[in-house]
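Below you'll find the structure, written out as structure tokens, and then a few comments.
The values are calculated or read from the model by the stated rules, or taken from the named source; none is laboratory data. Keep in mind the model is a prediction, meaning the values are calculated, not measured. Glycine gets a Cβ as well: all are built from the backbone with ideal geometry, and neighbour counts include every protein chain shown. All accessible areas refer to the heavy atoms of the entire protein, side chains included, with ligands and DNA or RNA removed. Shrake-Rupley method; radii C 1.70, N 1.55, O 1.52, S 1.80 Å.
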Amino acid sequence: MRILFSKYQGTGNDFIIIDNRNGHIRLTKEQIGVLCNRRFGIGADGLMLLNSNADYDFEMKYYNADGQEGSMCGNGGRCLIKFAYDCGIHKDAYSFIASDGPHQAFIGNNRWIHLKMKDVDKIESFNHDYLVDTGSPHYIKQVQDLDSLNVFSEGHAIRNSQPFAEKGINVNFVEPQPNHLKVRTFERGVEDETYSCGTGVTAAALVFAHNDNGFNRVNIETKGGNLAVEFQKNGEQQFENIWLCGPAVFVFNGEIDL
């Protein structure tokens, strides 16, 4: 089977994307794992199918690099919008369905992709750290000297600890700066540090939101580049109109035999 694909990246978080609007592509867990393998395949943090959907502009089907179907991926969603645009789906505003429900998106004047995330109404304290679900489950831990932290070792230990070992959790290490947050993430499914995680930086922004209610914009520095999270804070744990904003970049097109 010969597959046409595209490669995109959002702040270094990279994805294989396949146009499957005709519904002909059926990939096994093993095939997806090979495609995402950086030595024996194309190499990516995840794989996405752009599927047709009668009620939306399209459906986002996301798979982790290990071949398992994944939960919501924020950087992936932004890259899928750019891919849809490059496929000729030109709209002022996009509406698509993902694993965690419907999403809206638009392409800003600076060519950044603005992706609306699901509302969040709970931030849970856990061992002096925080748990937040922003479409994917996240563990948020504040640290000092983030640049020298062994993210793989520390993230792997938390991800495989109780009660997270069975289903996994994404682990985000956050170092607040005067005007932004620095974030590094260990992602489940990839089982390694990624250059950026969209749902992770969203979770971090909510945890470190300003104390005052109302509009918030939090600038984020990741290993792969800069992002921003905008949201409305209504009360201690009520977050609405959450937007993940950042670049989505085409890398190359190709074809591969499976």
Using alpha-carbon positions, the gyration tensor of the stretch 151-258 gives root eigenvalues a ≥ b ≥ c; with a/c under 1.5 called rounded, otherwise prolate if a/b exceeds b/c, else oblate, the class is oblate
Long-range HN-HN contacts of Gly224 with modeled amide H, under 5 Å: none
Number of Lys-Lys pairs in the chain under 14 Å by Cα, sequence gap 8 or more or different chains? 7
Tyr63: net charge of surrounding residues, Cβ under 12 Å, Lys/Arg +1, Asp/Glu -1, itself excluded? -2
Using a 1.4 Å probe over the heavy atoms of the protein chains, calculate the carbon and sulfur portion of the accessible area of the chain as a whole percent. 44
At a 1.4 Å probe radius, which order do Tyr195, Tyr8 fall into by accessible area, largest first? Tyr195, Tyr8
With the crude spin-label approximation of a point 7 Å out along Cα→Cβ, what separation in nm comes out for Asn160 versus His128? 2.4
Computed ³J(HN,Hα) along the stretch 175-192: with the Karplus parameters 6.51/-1.76/1.60, θ = phi - 60°, integer Hz and x for glycine or proline, the list is 10, x, 10, x, 10, 6, 10, 9, 9, 10, 10, 9, 9, 5, x, 8, 6, 6
Using a 1.4 Å probe, how large is the accessible area of Asp92, given in Å² and rounded to the nearest 10? 150
Tell me the mean residue ellipticity at 222 nm calculated for the chain from its helices only (DSSP H runs of n ≥ 4, each -39500 (n - 2.57), averaged over every residue, nearest 500). -4500 deg cm²/dmol
Surrounding charge for Gln232, neighbours by C-beta under 14 angstrom, Lys/Arg +1, Asp/Glu -1, total -2
Note down the accessible area of Thr199, probe 1.4 Å, to the nearest 10 Å². 0
Summing +1 per Lys or Arg and -1 per Asp or Glu among the other residues with Cβ less than 15 Å from Phe164's Cβ gives -3
